[in-house]
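Everything below concerns the one structure shown next.
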Amino acid sequence: MHRRCGLCHTIADSSGRRSTRPIQRGHTGLAHPELEFFILTIVLECHRGLSIFEADWLAGEVNRRVPKFTREELIERLSRLFRGGDLMAWRIRNNRRSRPLVPSPDEIDAALCGALELDYGLTPEGGARWEAMAQYDWNYHLGPWLQDGFDGPSQDMIEVYLAWHKKAAPGSERWRAIRPWKPTYWKSLPQGVRVRFQEPAPSSQ
């Protein structure tokens with residue numbers, strides 16, 4: 001099952017009109033590695049519409065510092081990642097998603113300004129690319145998060161988190177193994193652990 005962030009595809013101004021302003025976030029000849037890492041990172045947990053890159057509130061939405069880039073740099077880097085098999089895209093029509101596709105530079109350009117609705121996300125290869133860049137250790141990853149619990153790599157790791165944050169009422173934890181464990185939509189590991197619990201009463205925290 002694919003996950004998509006709770007973000008509408010259309011970026012509109014205060015009058016409700018779709019924004020078609022050009023992206024200009026500065027230029028640097030060394031922007032590509034940082035820009036590539038940013039493109040991959042913001043879809044680690046869920047898919048997003050390509051039009052998000054035009055949002056004035058991009059940094060707040062993704063909770064990350066936005067590197068400097070121009071529209072041309074962004075289109076070129078997105079195109080390389082799509083053609084290299086690190087990203088996949090879907091056209092959105094009538095709230096329905098097409099089969100995965102590799103968009104052309106012109107289609108990417110149109111999607112950035114909202115003229116074409118395209119979602120994008122990581123492939124397993126793109127996830128591996130991000131892992132190598134981030135040197136990420138899944139032994140410390142928690143998630144996905146549920147209404148009354150979450151998954152993690154081991155019971156010991158989860159118990160440390162629960163004790164530190166005082167999240168669970170003592171004795172309310174229920175544990176079970178997850179095989180395979182999918183910490184995010186593109187990553188699968190042989191096994192994880194799921195805990196469900198009740199939160200402690202306010203007076204006992």
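Rule-based calculations on the coordinates, nothing more; no lab input. Please read these numbers as outputs of a predicted model, since none were measured by experiment. With ideal geometry, Cβ positions are generated from the backbone for all residues, glycine too; neighbour counts draw on all protein chains shown.
When you filter the chymotrypsin sites (Phe, Trp or Tyr not before Pro) in region 70-165 for DSSP loop state and at most 14 other Cβ atoms inside 10 Å of their Cβ, you are left with 136.
Each of 188, 51 was scored by other Cβ atoms within 10 Å of its Cβ. Listed from fewest to most, they are 188, 51.
Shown for 43, 160, 66, 193: other C-beta atoms within 10 Å of each C-beta, ranked fewest to most, produce the order 160, 66, 193, 43.
Please list, in order along region 131-136, the HN-Hα scalar couplings obtained from phi with the Karplus expression 6.51 cos²θ - 1.76 cosθ + 1.60 (θ = phi - 60°), rounded to whole Hz, x for Gly and Pro. Going residue by residue, I get 4, 5, 5, 8, 6, 7 Hz, with x marking Gly and Pro. Ordering 56, 119 by the number of other Cβ atoms within 10 Å of each residue's own Cβ, fewest first, gives 56, 119. Cross-link partners for residue 182 among the lysines, with Cα-Cα distance under 29 Å and sequence neighbours closer than 8 places in the same chain left out: 166, 167.
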